[in-house]
Amino acid sequence: MSVLVTGGAGFIGSHVVRLLQQRGEEVVVVDDLSNGRADRVGDSPLVQLDLAAEGAQEVLRRTFAERSVDAVVHFAARKQVGESVQKPAWYWQQNVGGQANLLQAMQDAGVGRLVFSSSAATYGAPQVDVVREDGPAEPINPYGQTKLVGEWMNRAAGVAWGLRSANLRYFNVAGAGWPDLGDSVVMNLIPIVFTALDAGRAPVVFGGDYPTPDGSCIRDYVHVLDLAEAHLAALDHLAGDAGEGHDVFNVGTGTGASVLEVLRVVREVTGARVEPEVRERRAGDPPQLVADVGRIRGELGWSASKGLRDTVASAWEAWRAAR
Ligand code: WQD
């Protein structure tokens, strides 16, 4: 199989690239290197390209033909919720515009399989303990909106010209499959806590009065290597006859952990003794966001193999290796 990976120099994309390389697949990476790093893609060819830029379709069509591409895994996108609220037009231009260029080039070149990096942010602030793919999707920020629109674009391409897509809604991704592929952007809970510990500051817990057992927010933390494996399962699924042609799958562990539990595991793994400081809630945080994982287990035969301790320990190892 020859696979084009957009955003393959990024945190999650590079894990998928490495697993595909290890399986002996042909891989070509397309990345604008705005957050990605060329050293993460190993020997695979790298095309430096912003998918939303003028002329991107032509470059993609040429790359599809030159590399005889069979399938695409599409990660390349802007992914910061707060930034999306500040710059909504840019998020639509980048995420939706980039994907429109990709889909048009795929149609023109006859590339009919796509694994799409979607997000639990498509659910917004759900009123249920565990979210299912067939429940309401009501994103509450432009980032989540662009991901939901991305799923719709893929579905429409399926109707129009037969694209087969697997749309993976990621929950809270963390950890590292290899120490050199850790998340270098400090944006989410675990790297933020490591930064605080390095500086000798107390980690901050946003809100201690949520309606959860210990009062802090609950999330579903999935190890990035498990998540990467889900992409290979999705590619295999698309290559076979099974499935609907447009599938949406939650990718999580199915088990929630509270912020205070995460901090306890961080203390165990790092040996740091700093007690967390509970502050006021952060705007827009749902109390609980945990995946129902029945569909992906049933249809792709995938389930997470690693727990929170593995996730935190691998994140810490990669964090140390980068410093
Ligand atoms: C996790 C929990 C915070 C920092 C976001 C996006 C989602 C996806 C993943 C992109 C929350 C709490 C955090 C801190 C804390 N993004 N927290 N102290 O908000 O669940 O999800 O990232 O693809 O779409 O919304 O992730 O890591 O920011 O927070 O208490 O210093 O940790 O309140 O409960 P979030 P997060």
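Details
- Residue check for A156: in a helix (DSSP H, G or I) and near the ligand (Cβ under 8 Å from one of its atoms): no
- Residue among L300, L227 that is under 25 Å from G135 (Cα atoms), within 16 Å of the ligand (Cβ to nearest atom) and of a type in the set (A, V, I, L, M): L227
This table checks each residue for (1) on the phi < 0 side of the Ramachandran plot; (2) more than 12 Å from the ligand (Cβ to nearest atom); (3) surrounded by fewer than 21 Cβ atoms within 10 Å (Cβ to Cβ).
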site: G256; (1), (2), (3): yes, no, no
site: E261; (1), (2), (3): yes, no, yes
site: E268; (1), (2), (3): yes, yes, yes
site: V278; (1), (2), (3): yes, no, yes
site: P286; (1), (2), (3): yes, no, yes
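- Residue among V29, V72, V81, V96 that is within 20 Å of V173 (Cα to Cα) and under 19 Å from the mean Cα position of the chain (by Cα): V81
- The residue of segment 220-234 that is nearest to A71 (Cα to Cα), among those that are outside any helix (DSSP H, G or I) and touching a helix residue (DSSP H, G or I) at 6+ places or on another chain (Cβ under 7 Å), is H223.
- Of the residues making up segment 308-319, just one is surrounded by fewer than 17 Cβ atoms within 10 Å (Cβ to Cβ) and within 9 Å of G182 (Cβ to Cβ), namely E317.
- For the criterion of being open to solvent by less than 30 Å² (accessible area, probe 1.4 Å), modelled with pLDDT of 95 or more and among the β-branched types (V, I, T), V159 fails.
- Y210 falls short on exactly one of the conditions (1) in contact with a Leu (Cβ under 7 Å, 6 or more places away or on another chain); (2) open to solvent by less than 50 Å² (accessible area, probe 1.4 Å), and that condition is (1).
- Selected residue (only one of P203, P179 is modelled with pLDDT of 95 or more, under 30 Å from E277 (Cβ atoms), assigned by TED's automatic domain parsing to the domain that holds G307 and away from the ligand (no atom under 15 Å from the Cβ)): P179
- Among the criteria (1) in contact with a helix residue (DSSP H, G or I) (Cβ under 8 Å, 6 or more places away or on another chain); (2) over 21 Å from K306 (Cβ atoms); (3) away from the ligand (no atom under 11 Å from the Cβ), the one G240 does not fulfil is (1).
- Set V16, V59, V28, V47: member being touching a His at 6+ places or on another chain (Cβ under 8 Å), surrounded by 15 or more Cβ atoms within 10 Å (Cβ to Cβ) and in the same structural domain as V111 (by TED's automatic domain parsing): V16
The values are calculated or read from the model by the stated rules, or taken from the named source; none is laboratory data. Please read these numbers as outputs of a predicted model, since none were measured by experiment. Counting neighbours? That spans all protein chains shown, and the Cβs are built from the backbone with ideal geometry, glycine included. Surface accessibility is based on the protein's heavy atoms, side chains included, excluding ligands, DNA and RNA. Shrake-Rupley method; radii C 1.70, N 1.55, O 1.52, S 1.80 Å.
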